[in-house]
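The values are calculated or read from the model by the stated rules, or taken from the named source; none is laboratory data. Quick caveat: nothing in here was measured; it's all calculated off a predicted structure. Cβ placement follows ideal geometry from the backbone for every residue including glycine, while neighbour counts extend to all protein chains displayed. Side chains are part of the model used for accessible areas, which takes the heavy atoms of the whole protein and leaves out ligands, DNA and RNA. Shrake-Rupley method; radii C 1.70, N 1.55, O 1.52, S 1.80 Å.
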Amino acid sequence: MSKSNERLCQPVRLGRYDLPHRIVMAPLTRSRARQPGNVPSPLNACYYAQRASAAFIITEATQVSMQGQGYAWTPGIHSREQIEGWRGVTEAVHRAGGLIFMQLWHVGRISHPRLQPDGMLPVAPSAIKPAGQAFVENEKGEGELVPFVTPRALQLEEMPYLVQQYAHGARNALDAGFDGVEIHAANGYLLDQFINSTTNHRTDRYGGPVENRARLLLEVVAAVAEVWGSDRVGVRLSPLGSFNDMGDTDPETTFGYIAEKLGECGLAYLHIVNPATAALEQGTEPDPRALRMVDLIRKKYRGTLIVAGGFDQDTAEAWLEQGKADLIAFGRKFLANPDLPERFRQRAPLNADDPSTYYGGGAKGYTDYPTLAQLRGEKPQPCVDDRWR
Ligand SMILES: Cc1cc2nc3c(=O)[nH]c(=O)nc-3n(C[C@H](O)[C@H](O)[C@H](O)COP(=O)(O)O)c2cc1C
């Protein structure tokens, strides 16, 4: 970077790792796992290795079980083949000098019988149908949108089995050579469905007051920390998020409590999806509720805080400078700029991302975004290891 005091470029400690800077790659679903079996491939390894200069990479959301899948072609971490596929990814990232955490995912109601084992109903805290559509594969092998169905409410007796699904995914991620895991409790998926009052109408010990709505998350954190040690575990939350038809009647109480409880867990970090994303991006005045929420989380959570959503280099610097976050995660900018930290250092122009190639497909819009070196005429680094040919 041009100025030595730029904070994005300052090193930081994250759990047991020393990171060289604060530019994190946010989790990005790309729906390009090999079929059948949702297995990571050499193409996926290439994509992640290209982005190894991130402070650390958080993988795309990865289902911990077949029940946890909600979109066509997303990778899993429940089969032997998937573990082997992911090992190819972690080795490629490590060879390129990077660190990589896996985002552990169960979608809950954001699924469809066509994605579920034996065509069963998706599960959720309560039998409440989300507005919107599921992304499934049709008979021609193409992606298709179909309306969501009403999910089946989980029985109390099933709750330990849900925790086990995350623990199993966490053990498999360890086996696959990851450096840590992030528990996906954001964006309207299973754990977020338990947290938010509009999707959780239960009357047992997993519903009602926030202490109950947070229970599943805290049980999952404990089980995953048992596998990894809490200092290699992060959690992602999306307070005030409405994606996937979400909402909470008293978000400050809900997320204030959860941030405080997570602060007692000794995690590597808490990662929040910025509730002021749209305003930040458009340069407009954010909703005061969103700013209050960011301050509240900062106050209640004792530990390293990552914020993602709508940042460019200058707004990221400003947030670090104001002490609102310790690291910033970039999604779409990392998707389109494999060498994002280098571009920030040089204040170089960025490639624009192409939303038409976000989900599904092959190398186009995935591994073919050029680096600065390529734009200067250098040949791209060979990406696929010889052993895979
Ligand atoms: C194509 C795409 C896929 C995404 N997939 C995930 C995901 O798998 N898990 C997750 O927690 N967030 C996911 N997100 C949200 C991003 O992690 C990030 O919060 C969002 O893009 C806002 O950050 P940005 O403004 O830097 O792009 C996704 C976003 C995009 C654009």
Inset, instruction - Read through the list (1) within 16 Å of the ligand (Cβ to nearest atom); (2) part of a strand (DSSP E or B), then give the number of the only condition that SER31 fails. - result: (2)
Inset, instruction - Please state which one of GLU321, GLU317, GLU342 is more than 13 Å from the ligand (Cβ to nearest atom), over 19 Å from the mean Cα position of the chain (by Cα), crowded, with 19+ Cβ neighbours inside 10 Å and at pLDDT 95 or above. - result: GLU317
Legend entry - Options TYR166, TYR189: the member that is within 14 Å of GLN63 (Cβ to Cβ) and open to solvent by less than 10 Å² (accessible area, probe 1.4 Å): TYR166
Inset, instruction - Take VAL181 and decide whether it is part of a strand (DSSP E or B) and either buried (at least 23 other Cβ atoms within 10 Å of the Cβ) or on the phi > 0 side of the Ramachandran plot (or both). - result: yes
Legend entry - Which numbered condition ASP18 misses (of (1) outside any loop (DSSP other than H, G, I, E, B); (2) in contact with a Gly (Cβ under 7 Å, 6 or more places away or on another chain); (3) surrounded by fewer than 19 Cβ atoms within 10 Å (Cβ to Cβ)): (2)
Legend entry - Among the candidates GLY241, GLY247, GLY234, residue that is in contact (Cβ under 8 Å) with a residue 60 or more places away in the chain and small (Gly, Ala, Ser): GLY234
Legend entry - Meets criteria (within 11 Å of the ligand (Cβ to nearest atom) and modelled with pLDDT of 95 or more) for GLY361: no
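For (1) within 15 Å of the ligand (Cβ to nearest atom); (2) touching a Pro at 6+ places or on another chain (Cβ under 6 Å); (3) polar (S, T, N, Q); (4) in contact (Cβ under 8 Å) with a residue 60 or more places away in the chain, each residue gets a yes or a no:
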position: PRO286; (1), (2), (3), (4): yes, no, no, no
position: MET293; (1), (2), (3), (4): no, yes, no, no
position: ARG298; (1), (2), (3), (4): no, no, no, no
position: ARG302; (1), (2), (3), (4): no, no, no, no
position: GLY310; (1), (2), (3), (4): yes, no, no, no
position: ASN337; (1), (2), (3), (4): yes, no, yes, no
Inset, instruction - Run down GLN103, GLN82 and say which single residue is open to solvent by less than 20 Å² (accessible area, probe 1.4 Å), touching a His at 6+ places or on another chain (Cβ under 6 Å) and at pLDDT 95 or above. - result: GLN103
